[in-house]
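Only one structure is covered here, and it is reproduced in the block below.
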Amino acid sequence: MTDEQSLILPPDVAGLEKAAALLAGGGLVSFPTETVYGLGADARNDTAVAKIFAAKGRPSFNPLIVHVADLAGAETFCVFNDTARALAQAFWPGALTLVLPLRADAGVSQLVTAGLGTLGVRVPDHPVALGLLARFGGPVAAPSANPSGRISPTTAAHVAAGLGGRIDAVVDGGACPVGVESTIVNCVGEPALLRAGGIPREALEACLGRPLARPADPAMPTAPGQLESHYAPRGKVRLNAPYAEEGEVLLGFGPVDADLNLSAAGDLTEAAARLFACLHQLDAMGADKIAVSPIPDHGLGQAINDRLKRAAAPR
Ligand code: TXA
Ligand code: MG
């Protein structure tokens, strides 16, 4: 490993075995999930988990999501209630993180939970992630594999550009199909939406047969990691722009004359999948003023608008 480079592993048996061995040895391995690339470490190993925070420059009060192979695996770390089990059965593997009470005997590093009595857990829906979890055989703590506050990665090249040299390896599984992070639901008490994400709120509410609770105070971060400024490209971002002004680059949605378009067809699934790659591309273009078309605020549009609002927040 040099200062700028980390090992790029292929998503085949040899690559996954190497990646699992690095995790077992306390290393940091980035891997693709259906949402974004994660930066994985053995969730039971304090030193390995501490390295995640160091590599990302992440505030240590921000807890990490633990990835497991299946619901049975999740039940060894968390206490499930009927609601949580129903959501897990309906949406796992998939882009849904459940926050649940941590079992006393879970053996997960305190750094993962930031000392909270709860754990965020999910089963990713990606063959490379599941292959790695199966080979490693333990819980993998993994935030998104970007420097803290920057744009999340949806390709191995994004990971290498942001964290190359600070991590042991990246498994290259191509572009992430969903493109925005998992939806987070707090299942301690009335189920509440903590972060909009890859599973639309409407789908969760249809499964539950009732609305999800909203966090009480909109000024309060809903999950500890929901810092105002996040997902930030280098340029200044202006939202809900019908057209670009002088000197601005337009990130479009729908049939507009844009420099880059999230989805010319106005398709929210396509827009979510392209969102972070477009923001990375705007950085690469050196765009210093970015205007963004209005995005409908339903389905995956809620996750897209959440990320764009943070990208546009003062920093
Ligand atoms: O799709 C995803 O969720 C990706 C992939 C890699 O799985 N991961 C991801 O992790 O987005 P990260 O660290 O970028 O975001 C995790 C979020 C943070 O906002 C954190 O505060 C919240 O989950 N979180 C984790 N554990 C929590 C807990 N016990 N209670 C409340 N929020 C929690
Ligand atoms: Mg993140």
Given (1) buried (at least 19 other Cβ atoms within 10 Å of the Cβ); (2) aromatic (Phe, Trp, Tyr); (3) part of a loop (DSSP other than H, G, I, E, B), number of the condition Phe276 does not satisfy | (3)
Filter region 55-68 down to residues that are surrounded by fewer than 22 Cβ atoms within 10 Å (Cβ to Cβ), out of contact with any Gly (no Cβ under 7 Å at 6 or more places or on another chain) and in contact (Cβ under 8 Å) with a residue 60 or more places away in the chain, then give me how many there are.
-> 4
Selected residue (only one of Leu116, Leu96, Leu87 is touching a residue at least 40 places away in the same chain (Cβ under 8 Å) and within 22 Å of Asn45 (Cβ to Cβ)) | Leu116
Restricting attention to region 295-312, which residues are buried (at least 18 other Cβ atoms within 10 Å of the Cβ) and either touching a Pro at 6+ places or on another chain (Cβ under 7 Å) or assigned to a helix (DSSP H, G or I) (or both)?
-> Leu300, Gly301, Gln302, Ala303, Ile304, Asn305, Asp306, Arg307, Leu308, Arg310, Ala311, Ala312
Matching residues in region 151-173 - criterion: being within 16 Å of Gly57 (Cβ to Cβ), buried (at least 22 other Cβ atoms within 10 Å of the Cβ) and either among the basic types (Lys, Arg) or in contact with a Gly (Cβ under 7 Å, 6 or more places away or on another chain) (or both) | Pro153
Evaluate the following for Thr76: is it at pLDDT 95 or above, over 18 Å from the mean Cα position of the chain (by Cα) and among the hydroxyl-bearing types (Ser, Thr, Tyr)?
-> yes
Give the residue, chosen from Ala287, Ala271, that is assigned to a helix (DSSP H, G or I) and either surrounded by 17 or more Cβ atoms within 10 Å (Cβ to Cβ) or not assigned by TED's automatic domain parsing to the domain that holds Arg195 (or both).
-> Ala271
Scanning for something touching a helix residue (DSSP H, G or I) at 6+ places or on another chain (Cβ under 9 Å), more than 17 Å from Arg150 (Cα to Cα) and aromatic (Phe, Trp, Tyr), does region 236-255 turn up at least one residue?
-> yes
Members of region 230-249 found to be away from ligand 2 (no atom under 16 Å from the Cβ) and surrounded by 21 or more Cβ atoms within 10 Å (Cβ to Cβ), listed by number | Val237, Ala244
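This table checks each residue for (1) in a helix (DSSP H, G or I); (2) over 29 Å from Ile304 (Cβ atoms); (3) touching a helix residue (DSSP H, G or I) at 6+ places or on another chain (Cβ under 8 Å).
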position	(1), (2), (3)
Gly15	yes, yes, no
Arg44	no, yes, no
Thr47	yes, yes, no
Arg58	no, no, yes
Ala74	yes, no, yes
Pro93	no, no, yes
Ala106	no, yes, no
Given the conditions (1) within 16 Å of ligand 2 (Cβ to nearest atom); (2) in contact with a Ser or Thr (Cβ under 9 Å, 6 or more places away or on another chain), report the number of the one that Val185 does not fulfil.
-> (1)
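Given the criterion more than 9 Å from ligand 1 (Cβ to nearest atom) and at pLDDT 95 or above, identify the matching residue among Ala50, Ala54, Ala41.
Ala41
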Spot the failing condition for Leu132; the list is (1) within 16 Å of ligand 2 (Cβ to nearest atom); (2) buried (at least 24 other Cβ atoms within 10 Å of the Cβ); (3) part of a helix (DSSP H, G or I), and only one is missed.
-> (1)
Region 158-172 - residue that is within 18 Å of Lys51 (Cα to Cα) and in a loop (DSSP other than H, G, I, E, B) and, of those, farthest from ligand 1 (Cβ to nearest atom) | Gly165
For Ala86, the lone unmet condition from (1) assigned to a strand (DSSP E or B); (2) of a type in the set (Gly, Ala, Ser); (3) over 30 Å from Leu7 (Cβ atoms) is (1)
Expected single match for within 14 Å of ligand 1 (Cβ to nearest atom), modelled with pLDDT of 95 or more and in contact with a Cys (Cβ under 9 Å, 6 or more places away or on another chain) among Thr183, Thr155 is Thr155
List pairs: first in region 35-46 and more than 13 Å from Pro63 (Cα to Cα), second surrounded by fewer than 24 Cβ atoms within 10 Å (Cβ to Cβ) and aromatic (Phe, Trp, Tyr), Cβ under 9 Å, 6+ apart or cross-chain?
-> Gly40/Phe136; Asp42/Phe136
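The values are calculated or read from the model by the stated rules, or taken from the named source; none is laboratory data. None of these values were measured; they are calculated from a predicted model. Every residue, glycine as well, gets a Cβ built from its backbone with ideal geometry; the counts of neighbours run over all protein chains shown.
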